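Below is one structure, written out as structure tokens; the observations come after it.
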Amino acid sequence: MVTFCTLHAAQRFNLFENKSIDIKTVMLFGILNGVSIGFLNLSLGFNSIGFYQMTKLAIIPFTVLLETVFLKKQFSQKIKLSLFLLLVGVGIASITDLQLNFVGTILSLLAIATTCVGQILTNTIQKRLNVSSTQLLYQSAPFQAAILFVSGPLVDQFLTKQNLFAYKYSPIVLAFIILSCIISVSVNFSTFLVIGKTSPVTYQVLGHLKTCLVLAFGYTLLHDPFTDRNILGILIAIFGMGLYSYFCTQENKKKQADPLECQMKDKEDKPFLAHEKEGHEVKSSDKNSIV
């Protein structure tokens, strides 16, 4: 809600132009993202830290699979190799224990599925409907907040037998909640911006860089335990990220050198999620909808 209010104020000051998007598309997209956040948190609550890290690692290959099957996107063997090295490195550095349970596994699978689909749609909606990351976030944030506001307290009370609103919020707690909300504005904005400008896979690669930085800063600033295994894993992960960045740059240069081929591929991929008539004519009422 703070993100929406911040963007609403920015829109009032003409810092960006609001663009109408089909209400059904925005509503389903916002609810899906909200559900994704819920499943990720429940997965962390029901699983060990190690299994939760495995869940986050599984998002990249699952995203690659979905984009390959449904968007007909091609990933070169070099890109796949670099992603494999990245996942192996992060796994070595961050996964310590793997405790499995049925409920936690189901929640993890749901978290992976909703997160992947949500991030793919974040990229697809921006490109297909020609909207900016700010416009999409502004339109979808209220629905995302609504599903969390309705479901969050009910699920919390069911699991903990405690009422969220009965908690006595001290000034320090309120201060940290407000700080968290302020930080979340930049996090939400940067998430939509990175996915829209690059891809869901690149965003996940960036997220694993964050994991490596958390481990490194934990050791440097907080003197957390740091083993040779952590160092080896981080080095492998960084090497994989470097290869991924290099191979992506090389492939983008090739695409720019042959723009006609890229345009043909874009046209072939266009029908995904859109209902098109024969002759590739789309109804005017569907121009701002991909549902």
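The values are calculated or read from the model by the stated rules, or taken from the named source; none is laboratory data. Nothing here was measured: the structure is a model prediction, and the numbers come from that model. Because the Cβ atoms are built from the backbone with ideal geometry, glycine has one as well, and the counts that use them run over all protein chains shown. What goes into the accessible areas is simple: the full protein's heavy atoms, side chains included, and nothing from ligands, DNA or RNA. Shrake-Rupley method; radii C 1.70, N 1.55, O 1.52, S 1.80 Å.
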Set Lys24/Lys73; Lys56/Lys161; Lys19/Lys197; Lys197/Lys255; Lys78/Lys197, cut-off 20 Å on Cα-Cα distance; pairs above it are Lys24/Lys73; Lys56/Lys161; Lys78/Lys197
How do Cys5, Cys248, Cys116 stack up against each other in accessible area, from largest to smallest, with a 1.4 angstrom probe?
Cys5, Cys248, Cys116
Of every hundred units of 1.4 Å-probe accessible area on segment 1-254, the number belonging to carbon and sulfur atoms, as a percent, is 71 percent
If I model a spin label at Asn252 and Ser180 as a point 7 Å from the Cα along the Cα→Cβ vector, what separation in nanometres do I get?
3.5 nm
In this structure, the FRET efficiency calculated for Ser170 and Phe102 from their beta-carbon separation, with R0 = 41 Å, to the nearest 0.05, is 0.60
Of the DSSP H helices in the chain, the ones reaching 18 Å or more along their long axis in Cα terms and averaging at least -0.5 in Kyte-Doolittle hydropathy are 23-46, 49-70, 77-94, 102-128, 133-160, 171-197, 200-222, 228-257
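Suppose only helical runs count, i.e. DSSP H with n ≥ 4. What mean residue ellipticity at 222 nm does that imply for the chain under -39500 (n - 2.57) per run, divided by all residues and rounded to the nearest 500 deg cm²/dmol?
Working: 10 runs with 221 residues, N = 291.
Mean residue ellipticity, 222 nm, calculated: -26500 deg cm²/dmol.
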Given just the C-alpha atoms of segment 87-141, how large is their convex hull per residue in cubic angstrom?
129 Å³
How much accessible area does Asp228 have with a 1.4 Å probe, in Å² rounded to the nearest 10?
130 Å²
Which one of Gly152, Gly218, Gly38 has the biggest mean-square fluctuation once the chain is modelled by GNM with Cα springs under 10 Å?
Gly218
Taking the simple approach of a point 7 Å from Cα along Cα-to-Cβ for both Phe16 and Ser245, what is their distance in nm?
2.5 nm
Solvent-accessible heavy-atom area per residue, rounded to whole Å², over segment 1-254 at 1.4 Å:
57 Å²
Reported to the nearest 10 Å², His223 has, with a 1.4 Å probe, an accessible area equal to 150 Å²
